[in-house]
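Each remark here refers to the structure printed beneath this line.
Just so it is clear, none of the values below were taken in a lab; they were calculated from the coordinates. Computed from a predicted structure; not experimentally measured. Backbone-built Cβ (ideal geometry, glycine too); neighbour counts: all protein chains shown.
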Amino acid sequence: MRATLLLSCLAMLIWSCEESRTACLDFAAENYDVGAVNACDSCCTYPSFSLNTSIIFDTFDFSYNRYTLLPSGDSIAIQSFELGIFDIKLENADTSYYVLNFATADSTLRDNSILYNSRASSSLSVGETNFSDDVSSISFTLGVDQGSLPDLDNVLSSSNWNVLKDSLYIDAIPVFNTFKMTYLLNDSIQHLISSDRQLDNLSSNIIKFVPPGQDWNLEMVFDFNLLLNGVNGSLTDEEIKALIEDNLSSLIQFN
């Protein structure tokens, strides 16, 4: 009798775990009912997934406020850099996995946006995921589609969307900047803001096998040498802005 009861309990626990498994990825793992990891019994343990960011200048380490010599002979020091990144999607030949990261208070999915903040290289926890696959590429969007902005009411205060709004949203004009950047070029300080560009369907090829049951991560690498390609002290501020906007598409790679 006891053996039968024990087997019944185990069967119920296993069924509960199996029922809760999904293959979605979520920057706010507590928002279980937006299609990410579902709430489940204590028997369920999922591996954690994190998105790491690092900054390089060509193959060298990069530091903010440190002067770097450009090919033109000019010296530049980047003081800050913030960028809106959207619609991160892990792909293989057959399947796409969206990274979701914020919901409204009623747990209705609104968007999948993150803010890269320049203060330091960092690791952002995506959350616990039930995921196993071969990832062959990662696609993403830089900038915001101004014509399809979601309703910002009731957005969770802990979401990355609020951070993005506080940093890149212009209250006086209903628009989101693509990025903000402050730099010193030959000791002349410049504040660069771009709000009229959106780069869709950017992608980075990658070979990444995610085995079942193991913690895993991806590294998002910013190469500021590529971002500053062609910049020199003889250009006007507007010419530098246009050049950096054109270089944005090659800024990010995933490892």
Quiz prompt | Given charges at beta-carbon only (K, R positive; D, E negative), |dipole| of the range 171-222 in Debye | solution = 100 debye
Practice problem: Using a Förster distance of 41 angstrom, determine the FRET efficiency expected from the C-beta separation of Ala172 and Ser123, and round it to 0.05. | Solution: 0.75
Quiz item: Taking the Cα atoms of the range 160-214, what is the range of coordinates along each of the three principal axes, in descending order and whole Å?
Solution: 49, 33, 22
Quiz item: If the convex hull of the alpha-carbon atoms of the range 172-255 is projected onto planes in all directions, what is the mean projected area in square nanometres?
Solution: 8.4 nm²
